[in-house]
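Novice: Take this structure, written in structure tokens, and hold onto it; I'll ask about it next.
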Amino acid sequence: MPTFVYMTRCDGCGYCVDICPSDIMHIDKVTRRAYNIEPNMCWECYSCVKACPMDAIDVRGYAEFAPLGHSVRVRRDEEKGVIAWRIKFRNGEKDMELLAPITTKPWGKHIPQLADVPAPSQAMRDSQLLFNEPKYIRLDEGDLHTLASNGLVMKEGVYY
Amino acid sequence: MIDSNPFAELAAFISPTAMQAYVVLMVVLVAVGTILDMLHKKSGQYFFENARRAKRNATRTLSSGEKGALALKTLGKEVLTSGEFNNPKRRISHLLTMYGFIIFVVTTAILIFAYPTPDDPAPTVVPLLWHLGAAMLAFGGYWFWFSIRVDVASEGVKWYQLNGRGDLFIVGLLGMATFALLWSFTRDVDTLGTLFFVLFVAFSTLLFGSVYWSKFAHMFFKPAAAFQKRVIKADGSRENMPAVYDPSDPDVQARFPDVPAYMGPNPPNMGLGIKREAPSHF
Ligand code: SF4
Ligand code: SF4
């Protein structure tokens with residue numbers, strides 16, 4: 001679901017431009033507002049959605065689950081650490097809300113010092129987990145909440 | 001120097017009527033530019049359609065008393081104190097620019113219409129305010145230009161690179177304030193004074209004549225948009241935005257089980273992420 005920007009909310013701070021790993025968030029030279037220049041190339045990482053202080057960035061749902069004319073709106077609440085999504089269908093009836101954590105620890109508490117992390121062991125190299133997953137940057141040895149640290153396993157299907 | 005009326009001295013070369021006609025012309029240009037801008041961008045049409053749509057989605061109707069209260073709040077927060085800016089630097093510079101502009105424009109009109117010639121000297125406070133307004137405008141404007149202009153850092157644009165239409169407004173403001181001050185300080189130096197005066201008039205004309213292309217009209221649209229934002233929150237239409245959930249509420253946790261799974265049953269206060277270090281990859 002690639003992102004797009006509501007021009008009337010964006011204040012041109014450039015946070016999304018700075019954070020987009022795909023370099024596709026740009027500032028329009030005339031209106032001074034951000035826009036996604038290449039939705040096809042969007043990684044759908046939603047870093048920009050989370051970084052935007054104005055709640056200006058929303059996403060376009062795929063036709064498979066949301067026919068044309070739907071709207072997906074996102075709102076972050078940084079103090080509570082949650083991000084909420086509201087999907088509204090064209091007929092205005094099918095309407096759902098989803099809620100997920102933006103972060104599980106206060107902002108700035110866990111800044112990985114990747115330079116200090118020892119090189120990956122053979123077991124790590126063979127694992128399917130990515131290098132920077134919590135296990136490998138050893139965040140769960142601190143007090144980061146993960147499914148594992150809460151004694152939970154991922155269930156099949158979607159929770160909502 | 002800063003306590004004397006520069007326009008009265010000018011009356012020896014330019015008739016007060018001509019100056020007054022110029023001010024009136026500028027007011028007309030702003031009005032025409034704003035109307036053309038509204039027609040061209042269809043912003044008025046968009047605004048009213050959006051408001052109608054919001055009304056349809058509203059869960060309750062606001063009384064006119066409530067609307068009045070919201071209008072007052074908008075006036076107090078977004079209009080008079082720019083309270084919607086989260087970044088304090090941005091907010092202070094915006095306030096300096098805004099009040100500087102208002103003081104400068106109002107005192108210019110007073111000086112030109114009420115005290116046009118040296119025969120009726122203006123009370124000292126008016127020219128003082130005129131200079132103060134120009135100084136506030138210049139200070140706030142240059143601060144904005146050099147350290148907070150919208151895209152400079154993010155897109156690797158250097159401070160001296162003009163962006164054409166995007167910069168018309170701020171360039172007009174800065175040119176007007178800067179050359180007004182320079183003209184006032186060099187009034188006794190013939191050629192230099194004349195040069196700065198000509199530039200002052202040129203930039204003023206640019207500022208007030210380019211409303212159709214520049215972002216001048218945001219002065220009028222911004223309060224309207226801020227008011228509408230408050231209305232959609234109060235009447236429950238909330239522009240399709242999701243509700244504001246409290247993750248420690250058991251009902252919320254029951255409905256969205258992965259919130260307690262990841263954050264524990266008693267989610268800590270996360271602190272304001274907006275105060276975190278800004279992303280800066282350049
Ligand atoms: S979702 Fe990720 S890749 Fe897509 S625009 Fe936002 S930051 Fe860039
Ligand atoms: S982060 Fe949000 S407000 Fe800032 S430029 Fe991007 S879309 Fe606009």
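Novice: Shielding of A:28-40 by partners, i.e. mean partner chain Cβ atoms within 10 Å per residue?
Specialist: Mean partner shielding for this stretch: 3.
Novice: Taking springs between alpha-carbon atoms closer than 10 angstrom, which of B:Phe220, B:Phe200, B:Phe13 fluctuates most in the Gaussian network model of chain B?
Specialist: B:Phe13
Novice: Label points 7 Å out from Cα along the Cβ direction at B:Asn269 and B:Ile92: separation in nm?
Specialist: Inter-label distance under the simple model: 2.5 nm.
Novice: Next question, about the same structure. For segment B:50-180, what is the Kirkwood hydrodynamic radius in Å, using each pair of distinct C-alpha atoms?
Specialist: That comes to 17.7 Å for segment B:50-180.
Novice: Using +1 at the C-beta of Lys and Arg and -1 at the C-beta of Asp and Glu, which of B:Val198, B:Gly209, B:Met270 has the Cα lying farthest in the positive direction of the dipole of segment B:195-282?
Specialist: Value: B:Val198.
Novice: Which parts of segment A:71-112 would a label at A:Leu129 reach, counting a residue when its backbone N lies under 14 Å from a point 7 Å out along Cα-to-Cβ?
Specialist: Answer for segment A:71-112: none.
Novice: At a probe of 1.4 Å, how much accessible area disappears from chains A and B on forming the pair, both sides counted, to the nearest 100 Å²?
Specialist: Buried area (both sides, nearest 100 Å²): 4800 Å².
Novice: With springs connecting C-alpha atoms under 10 Å apart, model chain B as a Gaussian network and identify which of B:Val105, B:Val24, B:Val252 has the largest mean-square fluctuation.
Specialist: Looking only at B:Val105, B:Val24, B:Val252, the biggest GNM fluctuation is shown by B:Val252.
Novice: Computed over the Cα atoms, what is the radius of gyration of segment B:108-226 divided by 2.2 N^0.38 Å, N being its residue count?
Specialist: Its radius of gyration relative to the 2.2 N^0.38 Å reference: 1.22.
Novice: Please state the relative contact order of segment B:6-235 as a whole percent: Cα pairs under 8 Å, 6+ residues apart?
Specialist: So the answer I get is 29 percent.
Novice: Putting +1 on Lys and Arg Cβ atoms and -1 on Asp and Glu Cβ atoms, find which of B:Leu174, A:Tyr62, B:Phe104 reaches farthest to the positive end of the dipole of the protein assembly as shown.
Specialist: A:Tyr62
Novice: For n ≥ 4 DSSP H runs only, could you compute -39500 (n - 2.57) per run for the protein assembly as shown, divide by its residues and tell me the 222 nm figure to the nearest 500?
Specialist: Helix-only estimate at 222 nm: -13500 deg cm²/dmol.
Novice: Taking one equal scatterer on every alpha-carbon of segment B:6-235, how large is log10 of I(q)/I(0) by Debye at q = 0.13 1/Å?
Specialist: Once normalised to I(0) and log-transformed, intensities are -0.90.
Novice: In segment B:117-197, what percent of the accessible surface is made up of carbon and sulfur (1.4 Å probe, ligands and nucleic acids excluded)?
Specialist: It is 70 percent, rounded to a whole number.
Novice: Accessible surface of B:Val28 in the full protein assembly, 1.4 angstrom probe, to the nearest 10 Å²?
Specialist: Accessible area, nearest 10 Å²: 80 Å².
Novice: Relative to the compact-globule scaling 2.2 N^0.38 Å, provide the ratio for the alpha-carbon radius of gyration of the protein assembly as shown.
Specialist: Here the answer is 1.22, to two decimals.
Novice: Too long at a 18 Å Cα-Cα cut-off: which of B:Lys73/B:Lys233; B:Lys42/B:Lys67; B:Lys73/B:Lys222?
Specialist: Checking Cα-Cα distances, B:Lys42/B:Lys67 exceed 18 Å.
Novice: Which residue fluctuates most in the GNM of chain B (Cα springs below 10 Å): B:Glu49, B:Glu155, B:Glu66?
Specialist: So, out of B:Glu49, B:Glu155, B:Glu66, the one fluctuating most is B:Glu155.
Novice: What is the angle, in °, between the Cα long axis of helix B:43-57 and the longest principal axis of the Cα atoms in chain B? Nearest 10 is fine, range 0 to 90.
Specialist: Around 20 degrees separate the two axes.
Novice: Still on this structure: Going by accessible area, probe 1.4 Å, with all protein chains left in place, what is the ranking of B:Phe179, B:Phe146, largest first?
Specialist: B:Phe146, B:Phe179
Novice: Okay, next question. If the chain between B:Lys41 and B:Asp188 were fully stretched, how many nm would it gain, using 0.36 nm times the residue separation less the Cα-Cα distance?
Specialist: Going from the current span to full extension adds 48.3 nm.
Novice: Sticking with this one: Got a sec? Charge dipole of the protein assembly as shown, +1 on Cβ for Lys and Arg, -1 for Asp and Glu; which of A:Val153, A:Met25, B:Phe144 is way out at the positive end?
Specialist: The one lying farthest along the dipole's positive direction is A:Val153.
Novice: Rank A:Lys29, A:Lys94, A:Lys105 by accessible area, highest first, at a 1.4 Å probe radius?
Specialist: Descending order: A:Lys94, A:Lys29, A:Lys105.
Novice: Let me check I have the definition right: for segment B:201-282, take the eigenvalues of the Cα gyration tensor, multiply each by 5, take square roots. What are those semi-axes in whole Å, largest first?
Specialist: After scaling each eigenvalue by five and taking roots: 44, 21, 9 Å.
Novice: Right, something else. Dipole of the protein assembly as shown, Cα-centred, from +1 at each Lys and Arg C-beta and -1 at each Asp and Glu C-beta, to the nearest 20 debye?
Specialist: 1020
Novice: In debye to the nearest 20, how big a dipole does segment B:188-282 give about its Cα centre with +1 on each Lys and Arg Cβ and -1 on each Asp and Glu Cβ?
Specialist: My answer is approximately 180 debye.
Novice: How long is the gain from A:Gln122 to A:Lys94 if the chain were fully straight, where each residue apart is worth 0.36 nm and the alpha carbon distance is subtracted?
Specialist: Going from the current span to full extension adds 5.2 nm.
Novice: At most 10 other Cβ atoms within 10 Å and a DSSP loop assignment: could you name the trypsin sites (Lys or Arg not before Pro) in segment B:149-229 that fit?
Specialist: Passing sites in segment B:149-229 are B:Lys158.
Novice: Quick check: with the 1.4 Å probe, what order do B:Thr61, B:Thr124, B:Thr178, B:Thr17 take by accessible area, largest first?
Specialist: B:Thr61, B:Thr17, B:Thr124, B:Thr178
Novice: Say each of B:Val157 and A:Met7 gets a label point 7 Å from the Cα, pointing the same way as Cα to Cβ; how far apart are those two points in nm?
Specialist: Placing both labels 7 Å beyond Cα along the Cβ direction yields 1.5 nm.
Novice: Further question: For A:His70, which sequence-distant residues (separation of 5 or more, or a different chain) have an amide H within less than 5 Å of its own amide H, given hydrogens modelled in the peptide plane?
Specialist: Correct list: A:Arg90.
Novice: Let me check I have the definition right: for segment B:159-228, take the eigenvalues of the Cα gyration tensor, multiply each by 5, take square roots. What are those semi-axes in whole Å, largest first?
Specialist: One finds semi-axes of 29, 13, 10 Å for segment B:159-228.
The values are calculated or read from the model by the stated rules, or taken from the named source; none is laboratory data. All values reported here derive from a predicted model rather than from experimental measurement. Ideal geometry is used to build each Cβ from the backbone, glycine not excepted, and the neighbour counts take in all protein chains shown. Just so you know, the surface numbers come from the protein's heavy atoms only, side chains and all, with ligands and any DNA or RNA stripped out. Shrake-Rupley method; radii C 1.70, N 1.55, O 1.52, S 1.80 Å.
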